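Here's the structure, in structure tokens; my notes come after.
The values are calculated or read from the model by the stated rules, or taken from the named source; none is laboratory data. Worth saying up front: this structure is predicted, and the values here are computed from it rather than measured. Please note: Cβ atoms are built from the backbone with ideal geometry, for glycine as well, and neighbour counts cover all protein chains shown. For the accessible areas, the whole protein counts, side chains as well, though only heavy atoms, and no ligand, DNA or RNA atoms are used. Shrake-Rupley method; radii C 1.70, N 1.55, O 1.52, S 1.80 Å.
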Amino acid sequence: MTGYDLVLFGATGFTGALTAEYLARQLPAHGSWALAGRDRAKLEAVRDRLGPAHSALPLLHADVTDAASLREIATSAKVVINAVGPYLTYGEPLVAACAEAGTDYVDLTGEPEFFDRMYVRHHETARRTGARLVHACGFDSIPHDLGVFYTVKQLPEGVPLRISGQVRVSATVSGGTFATALTSFSRLVPLVRAARDRARLEPRSERKVRAELGVPHRDAGRWQMPLLTIDPQIVALSGRLIDCYGPDFRYRHYASFETLPSAIGAAAGVGALAVLAQLPPLRKALSGLRKPGDGPDEDRRAQSWFKVRFVGEGGGKRVVTEVAGGDPGYDEAAKMLAESALCLAFDDLAPAAGQLSPAAAMGDALLARLVDAGLMFRVVPQAR
Ligand SMILES: NC(=O)c1ccc[n+]([C@@H]2O[C@H](COP(=O)([O-])OP(=O)(O)OC[C@H]3O[C@@H](n4cnc5c(N)ncnc54)[C@H](OP(=O)(O)O)[C@@H]3O)[C@@H](O)[C@H]2O)c1
């Protein structure tokens, strides 16, 4: 029985609460929604912060360890928003419940292993029931996936396309994001295994689609360093699912730095964290550095920003585009997550089911929503 347009699971977390605030402002008057979580008192506190207009907002009990409670939220909603992470630890039971119930699902994962495992275990069920499972609807990977989608649209159709994304960020991370990064770093072997399992199952595209690891180089007066995140995987899924990406599509993903020492320093910092996360006692000690539920305050978030520059080439044309916005990890991630859920719930979209990328599930409709919501997508004029 579908009762709500949207149910937000994990509304008591740092990003979940920001998503609740965004939905409270943006949900259409005819829309219905509910907050879900395991702690009633915390849910009430989040609802109180939304103001008196939302005092009757339903609160649903749901716990990751209680499959029946997840089935209940999956069958009560058109779209379920999952803000409970690390997703490798907590995510699968809700994906399973939504796939079984034929309910659309969005989350904020940036964990490649989780993305691949959910494909292996739940894609076919979702295809059968009609559920759209759309992972990575936060900063991972909406700006990159929709940015590439926007760039492809500026290039000729039916020709090989080469696109690279160059990411710049100024921001700090929450306890949940830090815990998620540590969990991911500690699982390098399962990560490779999950990718191999997916590759065995996924039908080959008739078109060539590659997300390749680039090499460090200088472009646009900056150092571009290969960036190993979930984003190239999501872009590659779009490449396989969306025909206008052409007969031979290649994507490369970079972090962009002003100076070589800052590029080397960032690579060394991530490398050191990845090495330390392999040892359980050190991982435990590191996880104490940031508490679940904590995150950057409003002032810090107001000073945070991101810019992604895309260079696209194909059919003799070269185009440079840019996607930009404010605090990538939280304010903008909550906005992207909420707009993705609103898009699935209320917009007229081409039929699709199974595990989908944001661009493949929602394409132009989501792009229009993000622009209306204040994210910038533009073609950068080039000197002749
Ligand atoms: N890709 C992106 O752009 C992006 C941006 C932001 C966050 N994220 C990801 O989103 C996830 C959440 O981050 P966050 O900083 O918001 O984390 P957080 O503040 O620690 O929140 C975690 C949430 O999970 C809930 N939870 C934990 N165990 C649960 C259980 N057994 N049953 C039900 N709920 C449970 C917590 O509920 P309680 O309040 O009851 O403890 C809380 O609501 C992380 O994986 C993070 O990496 C991604």
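Please give the helix 331-346 orientation as an angle from the longest Cα principal axis of the chain, in degrees from 0 to 90, rounded to the nearest 10. Compared with the principal axis, the helix lies near 70 degrees.
Seen from residue 184, the other residues with C-beta closer than 10 Å to its C-beta sum to a net charge of -1, counting Lys and Arg as +1 and Asp and Glu as -1. Spatially close Lys pairs in the stretch 202-347, defined by Cα atoms under 29 Å apart and a spacing of eight or more places or different chains, total 6.
Taking a ≥ b ≥ c as the square roots of the eigenvalues of the alpha-carbon gyration tensor, the stretch 1-80 is classed oblate because a/c is 1.5 or more while a/b is no larger than b/c. Between amide H atoms placed 1.01 Å from N, distances below 5 Å from residue 85 occur with no residue 5 or more places distant or on a separate chain.
Need one word for the stretch 238-384: rounded, prolate or oblate. Basis is the Cα gyration tensor (sqrt eigenvalues a ≥ b ≥ c); a/c below 1.5 gives rounded, then a/b vs b/c decides. Note, shape of the stretch 238-384 comes out prolate. Less than 9 Å Cβ to Cβ from residue 161, Lys/Arg counted +1 and Asp/Glu -1: what total charge do the surrounding residues give? Neighbour charge sum, excluding residue 161 itself: 0. Counted over all Cα-Cα pairs of the stretch 265-327, pairs farther apart than 16 Å make up 72 percent. The Cα atoms of the chain give a gyration tensor whose axes a ≥ b ≥ c have a/c under 1.5, which makes the shape rounded.
Relative to the longest principal axis of the Cα atoms of the chain, the long axis of helix 188-201 lies at roughly 80 degrees.
Site-free segments of the chain were taken between GluC sites (Glu not before Pro) in DSSP loops having at most 16 other Cβ atoms within 10 Å, sites themselves excluded; the longest one is 1-156.
Could you work out what % of the accessible surface of the chain is carbon and sulfur, using a 1.4 angstrom probe and leaving DNA, RNA and ligands out of the count? Carbon and sulfur atoms account for 54 percent of the accessible area of the chain.
Accessible surface calculations at 1.4 Å, restricted to protein heavy atoms, place the chain at 45 Å² per residue.
Calculated mean residue ellipticity at 222 nm for the chain: -13500 deg cm²/dmol, from DSSP H runs with n ≥ 4 weighted as -39500 (n - 2.57), summed, divided by the residue count and rounded to 500.
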